[in-house]
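What follows draws every value from the coordinates through simple rules; no lab data is involved. Quick caveat: nothing in here was measured; it's all calculated off a predicted structure. Cβ: placed from backbone, ideal geometry, glycine included. Neighbour counts: every protein chain shown.
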Amino acid sequence: MQVSWSAPSNIAFIKYWGKKGHQLPANASLSMTLNRARTEMSVSVEKKENNKSELDLTFSFEGKAEPQFEKKIRDFLLTLSDFAWAKDYALKFSSKNTFPHSTGIASSASSMSALALCLLELEEKMVGKKHPHFLQEASRLARLASGSACRSLYGGHVFWGEHPDFSAGNDEWATPMPSVHENFQEMGDAILVVSSAAKKVSSREGHNRMAEHPFKAARVTQAQQHTALLLQALAQGDWQSFQQIVQSEAMTLHALMMSAPRPAILMASGTLKILELIESFAQDSGLPLAYTLDAGPNVHLLYHKKERTRVVSFIQTELLPFCEERMWIDDEIGDGPKKL
Ligand code: PMV
């Protein structure tokens, strides 16, 4: 028996940075699901030959054994009491990314959402458990493995967390947003790869640093205010406000790391150069675009696809010299996971 899913990555406009309780977000976050940056995962299950009670699990990434990730999945499965049945079987996980894995693009959102989908489908097939709200349950499960992964279960724009202006929001799982203004329905995301090296500070460590951060309370207030403003901008089609809020969110994430009791610089010199170039291009051209960053040096340039030709030419002539081996991922808004 085998199940296979393809799940996308997502890019946050409002950042989840800091937790409360058991893997719950300190503030609401809002993201756009990507189309091309995806993980494809398969899990095959066979009855075990021995009757040992430990979990029999292997994991390979792009055909090669990955002991570190294997341990991550094993530890995760052992925390899930609903998956006790898995001890009677041999489970083989294999996965691959549809984008070059050497680009340093965080793949935990795509891999953990693909994992959650595979596990839930297996649970339905192996023990007959029905999940009437399959995607919602997969989002909850993905959240337990990696917070931002819970937003990859749906296409378009996705909301996670509680907020007075979005009544469907929930801390336990993400919710797809009802359709936003047409100005934001056709978005491109050019991911400019400044460095493909592994992240200097893991997101687990980043969230930990927020726990003792002197600006922790102010950050939660700011994020909730940004969320209210972004919901308005998305409803009204207001690119100018969108740009201001999304860029401020990216800068805040990095400023919080720089001002943490144990400070960390997550940008590289090429990051700053690219941000300056985008700022002057945006000002001179007046085009609908904005930059954002994850917890690393690579830059996401968000733009309206009707301006694609001008944006791609700007990327090629001005930005690629600051990218590692002129690398970028030409992504866009996507429809969410697919069963393979
Ligand atoms: O899902 P985690 O625990 O890896 O956290 C990632 C958080 C950011 O990617 C930095 C921001 C976000 O909301 O996606």
| remark: Which of 72/92; 64/96; 48/92; 48/338 exceed 20 Å between C-alpha atoms? The answer is 48/338
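Taking the Cβ-Cβ separation of residue 248 and residue 284 as r and a Förster radius of 25 Å, what is the calculated FRET efficiency to the nearest 0.05? It would help to have the intermediate numbers written out before the result.
On the way: r = 21 Å, r/R0 = 0.84.
Efficiency for this residue pair is about 0.75.
Could you give the size of the charge dipole of the range 18-93 about its Cα centre, using +1 on the Cβ of each K and R and -1 on the Cβ of each D and E, expressed in debye and rounded to the nearest 20? Write out the running numbers ahead of the final one.
On the way: 13 positive and 11 negative charges, 61 e Å.
Charge dipole, the range 18-93, about its Cα centre: 300 debye, nearest 20.
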| Rounded, prolate or oblate: which fits the range 99-239 when a ≥ b ≥ c are the square roots of the eigenvalues of the alpha-carbon gyration tensor, with rounded for a/c under 1.5 and prolate only if a/b beats b/c? | rounded
| request: Would you work out the charge dipole size for the range 208-340 about its Cα centre, treating the Cβ of every Lys and Arg as +1 and the Cβ of every Asp and Glu as -1, and quote it to the nearest 20 debye? | output: 340
| Helix-only mean residue ellipticity at 222 nm for the chain, each DSSP H run of n ≥ 4 adding -39500 (n - 2.57), per residue, nearest 500 | -11500 deg cm²/dmol
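Given the Cα-Cα distance of residue 181 and residue 131 and 0.36 nm per residue of separation, how much length would full extension add, in nm?
On the way: separation 50, 0.36 × 50 = 18.00 nm, distance 3.21 nm.
Between residue 181 and residue 131, full extension yields an extra 14.8 nm.
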| query | What is the distance, in nm, between label points placed 7 Å from the Cα along the Cα-to-Cβ direction at residue 69 and at residue 310? | reply | 4.0
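Report the relative contact order of the range 262-314, percent, no decimals, based on alpha-carbon pairs under 8 angstrom and at least 6 residues apart. Working shown, then result.
Numbers: 39 pairs, mean separation 16.5, N = 53.
Over the range 262-314, the number comes to 31 percent.
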| field | Unit charges at the beta carbon, dipole of the chain: most positive-side option, 207, 27, 293 | value | 207
| request: Among 193, 39, 225, pick out the residue whose Cα is farthest towards the positive end of the charge dipole of the chain, where Lys and Arg carry +1 and Asp and Glu carry -1 on C-beta, about the Cα centre. | output: 39
| What percent of all Cα-Cα pairs in the range 184-271 falls in each 10 Å bin, counting up from 0? | 14, 39, 34, 13, 0
| note | The distance between the Cα centres of the range 281-331 and the range 6-32, in whole Å, is 23
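Would you mind finding the longest exposed-site-free stretch of the chain, with exposed trypsin sites (Lys or Arg not before Pro) meaning DSSP loop and at most 12 other Cβ atoms within 10 Å? Intermediate values should be presented prior to the final figure.
Details: sites that count: 52, 130.
Of all site-free stretches, the longest is 131-340.
Using only the Cα atoms of the range 114-164, build the gyration tensor, take square roots of its eigenvalues as a ≥ b ≥ c, and label the shape rounded, prolate or oblate: rounded if a/c is under 1.5, else prolate if a/b is larger than b/c, else oblate.
Note, shape of the range 114-164 comes out prolate.
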| Value of relative contact order over the chain, rounded to a whole percent, pairs C-alpha under 8 Å and six or more apart | 25
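Cα convex hull of the range 37-111: how many Å³ per residue? Before the final figure, lay out each step's value.
Details: hull volume 7.4 nm³, N = 75.
Looking at the range 37-111, the number lands at 99 Å³ per residue.
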| Cβ-placed point charges (K, R +1; D, E -1), dipole of the chain about Cα centre in debye, nearest 20 | 740
| remark: Between residue 44 and residue 318, the two model label points (7 Å from Cα along the beta-carbon direction) sit apart by a distance in nm of 5.1
| message | Can you give me the distance in nm between label points at residue 1 and residue 211, each placed 7 Å from the Cα along the Cα-to-Cβ direction? | response | 3.8
| Selected from 115, 268, 97, residue furthest toward positive end of dipole (the chain; charges at beta carbon) | 115
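Calculate the translational D of the chain in whole µm² s⁻¹ from Stokes-Einstein, where the hydrodynamic radius comes from the Kirkwood formula applied to all Cα pairs, the temperature is 4 °C and the viscosity 1.567 mPa s.
Working: Rh = 20.6 Å.
Roughly 63 µm²/s, to the nearest whole number.
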| Let a ≥ b ≥ c be the square roots of the eigenvalues of the Cα gyration tensor of the range 11-155; is it rounded (a/c under 1.5), or, if not, prolate (a/b larger than b/c) or oblate? | prolate
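List the relative contact order of the range 121-172 as a percent without decimals, with contacts defined as Cα pairs under 8 Å and 6+ residues apart.
Details: 38 pairs, mean separation 10.9, N = 52.
Computed over the range 121-172, the figure is 21 percent.
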